[in-house]
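Asker: Quick one: this structure, given as structure tokens, is what I'll be asking you about.
The values are calculated or read from the model by the stated rules, or taken from the named source; none is laboratory data. This one's a predicted model, so the numbers in the text were calculated from it and none came from an experiment. Glycine also receives a Cβ, built like all others from the backbone with ideal geometry; neighbour counts cover every protein chain displayed. Accessible surface is based on the protein model in full, side chains and every heavy atom, while ligands, DNA and RNA are left aside. Shrake-Rupley method; radii C 1.70, N 1.55, O 1.52, S 1.80 Å.
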Amino acid sequence: MRYTPAAAALSLLVLVTGSMGAAKVSEAIDPRAQILLDDGKAQLAKGAVDAATDSFEAALAVDPGYPATYIALGEAARRAGLQGKAIHYYREALERDPNNLSAISGEGGALAEKGALEKARANLARLEGLCGKGCAETEALSAAIAKGAAPRVVSAEAVKPQPTVENN
């Protein structure tokens, strides 16, 4: 009985410090990373996907916790046709910011391009719950789902020519 107040104080301390760690207060991005991120977005707008990816990866090295960098890397991977890699980057952003509308929409778009339309529709339902049907992210994901899966690249092994015999 005489340890009850001390135990209560200790458990309250653990509770408060545990909830502070889960709050995930976002800090401002490092200015150097912001410059690299802006450069990468400009390069991506010009169509230079590889150069943009290099800038985004450099920004990630400078400030590894900023979710917008992962979203930008996901967009670059989608433009390069690497939907699986894009999904990975979007999920990294969602680990840092679980209700990030851009990350949810991007992940859903990459899933739709990959052919996982049911999972993309689940992301669409989540987006509609967070921001409604009129927000830009919801409309972008709806368009990606309507477009469907991206055409797959045919490998040389998949196309085998039939031998023909000709008489001279």
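Asker: Taking a cut-off of 19 Å between Cα atoms, list the aspartates and glutamates near residue 133, but don't count ones fewer than 8 places away on the same chain.
Answerer: 107, 118
Asker: Let me ask something else. Between beta-carbons, use under 13 Å as the cut-off and find the net charge around residue 143, counting Lys and Arg +1, Asp and Glu -1.
Answerer: Charge balance in the 13 Å sphere: -1.
Asker: Then there's this: Please report the carbon-and-sulfur percent of the accessible area for segment 22-107; probe 1.4 Å, protein heavy atoms only, DNA, RNA and ligands left out.
Answerer: Carbon plus sulfur share of accessible area: 52 percent.
Asker: PRE reach from residue 131 (point 7 Å along Cα→Cβ): which of segment 33-58 fall under 20 Å by backbone N?
Answerer: The answer is 38, 41-42, 45, whose backbone nitrogens lie closer than 20 Å to the label point.
Asker: Looking at the calculated P(r) for segment 69-168, what percent of the C-alpha pair distances fall above 19 Å?
Answerer: 45
Asker: Residue 2 to residue 166: extension gain in nm, 0.36 nm per residue of separation minus the Cα-Cα distance?
Answerer: So the chain would gain 48.9 nm between residue 2 and residue 166.
Asker: What ³J(HN,Hα) values, in whole Hz, does the Karplus curve 6.51 cos²θ - 1.76 cosθ + 1.60 give for segment 94-102 when θ = phi - 60°, with x put for Gly and Pro?
Answerer: Calculated HN-Hα couplings, in order: 5, 5, 7, 9, x, 10, 6, 5, 5 Hz.
Asker: Provide the gained length on full extension for the span residue 28 to residue 139, in nm with one decimal, where the gain is 0.36 nm per separating residue minus the Cα-Cα distance.
Answerer: Contour length minus the Cα-Cα distance gives 37.1 nm.
Asker: Between residue 45 and residue 95, with labels modelled 7 Å along Cα→Cβ, what's the label distance in nm to one decimal, could you check?
Answerer: Each label point is offset 7 Å from its Cα along the Cβ direction, giving 3.1 nm.
Asker: What accessible area, in Å² to the nearest ten, does a 1.4 Å probe give for residue 82?
Answerer: Accessible area of residue 82: about 80 Å².
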